[in-house]
Amino acid sequence: GTVLMSGMLSNILFLAQTNPLEHVLDKPLLSPGGYWLISNNTIALLLSAIAMLIIFPLITRAYRDGKHVPPGTRNFFEAVLLYVRDEIARPVLGKETDPFLPFLWTLFFFILFNNLIGLLPLDVLTGWMPGISHGRLHPVGGTATANIWVTGALATISFVVMQISGIRANGLVTSLKPFTGGAPTYMAPLMVPLEILGMFVKPFALAIRLFANMIAGHTVLAVLLMFTTMAFAGGAAIGWGISIAVVIGSVLMMCLELFVAVLQTYIFVFLTALFIGQLVVHDHAHERQG
């Protein structure tokens, strides 16, 4: 117990003494020959995938066993699933909602789990391990969605689903008609490049928005931790006073981070559903009036 506590304390002090970006950016855990085989973000992605593979089969098993009234945890997840269906997907996809629900549900929970795992102090909890505490390995932890490569991959998957869905719903020739934006033919040299640019701006915006929001909050938290060590340079009284303020500020920041984690998940999935709807739903306004 003493070794564990001392290791965790030294790791917390380490967090407070170094460059804040060192605790936000991804780090290799296994890199033979300089190639990143396993990194912090890889572990986070695996943890999210494993959590989903454990939770959701358990939830659906109860329904297969005839237990249709969801108690406790199952009730919570069912409420979230219904919210994604009724408040995110159906308003923009209409009658086309059901075919896209598996993708949107998977996307929602995968992003949410990664956002929430990034809020757990795994680097502090694993900092006591021998290889890590002696500097041979990096602490395990971090937010996968604070990595532009991860958010870019998610946005690319969404982009591919959007384009394939549009082509399947309308055919290849019909899918190319919106590139003129309904403008006269002589405007095509201007409209077509703009429409192509807009097509790629959508996934780019998805990737940047999620990445920027997740990395910003964690950077602020790391900066707050740095203030504790800097304050003790001015004396114990100043150090403890500022440290108390830093703890309060960090708690408030964590509450904000929790809200942002959920909000950014909602925005990513909502915009994905909206962009899909723009390609596959053409009479949606009429359906809503009906």
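The values are calculated or read from the model by the stated rules, or taken from the named source; none is laboratory data. In this text the structure is predicted, and so the values were computed from the model without any measurement. Glycine also receives a Cβ, built like all others from the backbone with ideal geometry; neighbour counts cover every protein chain displayed. For accessibility, only protein heavy atoms count, side chains too; no ligands or nucleic acids. Shrake-Rupley method; radii C 1.70, N 1.55, O 1.52, S 1.80 Å.
Hey, got a sec? Which trypsin sites (Lys or Arg not before Pro) in segment 35-86 land in a DSSP loop and have at most 13 other Cβ atoms within 10 Å? Counting only loop positions with at most 13 other Cβ atoms within 10 Å, the trypsin sites (Lys or Arg not before Pro) in segment 35-86 are K67. A simple count of charges around L58, restricted to other residues whose Cβ falls under 12 Å of its Cβ and scoring Lys, Arg +1 and Asp, Glu -1, yields +3. Here the spin labels are modelled as points 7 Å beyond Cα on the Cα-Cβ line, and at D98 and R64 they lie 2.1 nm apart. Entry comment: accessible area of segment 48-121 is 55 Å² per residue, from protein heavy atoms only and a probe of 1.4 Å.
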